[in-house]
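Data block below; observations after.
Read-outs throughout are calculated quantities, based only on the coordinates presented, and are distinct from any laboratory measurement. All values reported here derive from a predicted model rather than from experimental measurement. Because the Cβ atoms are built from the backbone with ideal geometry, glycine has one as well, and the counts that use them run over all protein chains shown.
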Amino acid sequence: MKYTAFNEIHKKLGGRLVPFAGFEMPVEYSGINDEHITVREKLGMFDVSHMGEIWVKGPQAKAFVQKVTSNDVNLLIPGKIQYSCFPNGKGGIVDDLLVYCYENSKYLLVVNASNTDKDYNWLVSQNSEGAIIENASDNISQVAVQGPLALKALQKLTDIDLSGIPYYTFVTGEFAGVKDVIVSATGYTGAGGFELYFYNDVATSIWEKIMIAGEEFGIKPIGLAARDTLRLEMGYCLYGNDINDSTSPLEAGLGWITKFTPGNDFIDRKVFEKQKAEGLKKSLVGFVMIDRGIPRQHYEVASASGEIIGEVTSGTMSPMLKQGIGMAYVNLPYSKTGKEIFIRIREKDIKARIVSLPFYKK
């Protein structure tokens, strides 16, 4: 079991700790609904130090990152971030990730905690370009401060103009008295805010200073359970649920990060081009429950006639909508917005409707 630099803080704050992706992590503190609403209406802080950070450096860094990711690295300039995925050479996804561009010879790849070793080994196995690949995950801590009041709280701790950092860009500078902190206008909640990266030895100090700065705005520590309900309300994919080694980014609605631009010869490009030309057989959709029920992963999806047409990948009771919501892969003829489907819950078919994403609109 691994422990983040904040483990003792979580215990002192009464966090309920569980094993997650090889780490002992807080799943909740004050309760999922309370934490979820705090992030939507005020601000909350997540320990996301379990995420992986992999550097790619050297003269061949750009060519290598272009090859192993589905998005187009040519669109990046220093200070910009790109959401992307690693195709696995078989039409599936090794992982989804963020690509931070420092320069053409230096990129930071932020990957999912459960996949860090798998991703690193995959990158090393594909490295015919001779790029320098360094797994720095064990040395770096990360927090996500999310919510509409995040900017006001964090601005008290830095001279960096946080309002001048556009969405999906980053700067490196002094924060809370610590130099070379990565301040990134990203997050997986849809509530706005920032993600901060720094070395483990300053982690406790930064956490405490953020909590003090955010006190007047109602900041609370937030666990992984609310992180999941927040991302699901936005219709964001979670690796292991909605995408995996056997799902195509096109099926998952991630065509927007699968760029068929000239010269972008990434792994599996031809596979995905063929898939697009021939048409998809299934599609990831969002749905809301019409009748009462909470959908869960692996529940079957049925048509009105009782035919099995798909499977739920993620589901929950939305704290903001007070309604069951979920995502599912369904056969293409049933994937249109407004279509009525049925979620099989304990051998009963419960009515639901396909809707456009996100579920929660501010």
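Here are the numbers for this structure:
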{"item": "Exposure proxy order (Cβ contacts within 10 Å, fewest to most) of Glu134, Glu129, Glu233, Glu28", "result": "Glu134, Glu129, Glu28, Glu233"}
{"item": "Extension reserve of the Leu13-Ile132 stretch, reckoned as 0.36 nm per residue once the Cα distance is removed", "result": "38.8 nm"}
{"item": "Positive dipole terminus of the chain, leading residue within Gly44, Gln60, Val312 (C-beta point charges)", "result": "Val312"}
{"item": "Extension gain (nm, one decimal) between Val288 and Tyr199, 0.36 nm per residue minus Cα-Cα", "result": "27.9 nm"}
{"item": "Using distinct alpha-carbon pairs, which all enter the 1/r mean, Kirkwood radius of region 81-191 in Å", "result": "15.9"}
{"item": "Residues Asp228, Asp159, Asp119, sorted so that the one with the fewest Cβ neighbours within 10 Å comes first", "result": "Asp159, Asp228, Asp119"}
{"item": "Euclidean distance of C-alpha centroids, region 163-180 and region 228-291, integer Å", "result": "31"}
{"item": "Rounded, prolate or oblate (a/c below 1.5 giving rounded, otherwise prolate when a/b exceeds b/c) for region 255-355 by Cα gyration tensor", "result": "prolate"}
{"item": "Inter-label distance, nm, simple model (7 Å from Cα along the C-beta direction), Phe20/Thr337", "result": "3.1"}
{"item": "From the C-alpha gyration tensor of the chain, square roots of 5λ in Å", "result": "32, 28, 17"}
{"item": "Computed [θ] at 222 nm, helices only, for the chain once each DSSP H run of length n ≥ 4 contributes -39500 (n - 2.57)", "result": "-5500 deg cm²/dmol"}
{"item": "Charge dipole magnitude, Cβ of K and R +1, D and E -1 - region 203-252, Cα centre, debye nearest 20", "result": "160"}
{"item": "Full-extension gain in nm, Lys270 to Lys118, via 0.36 nm per residue minus C-alpha separation", "result": "52.3 nm"}
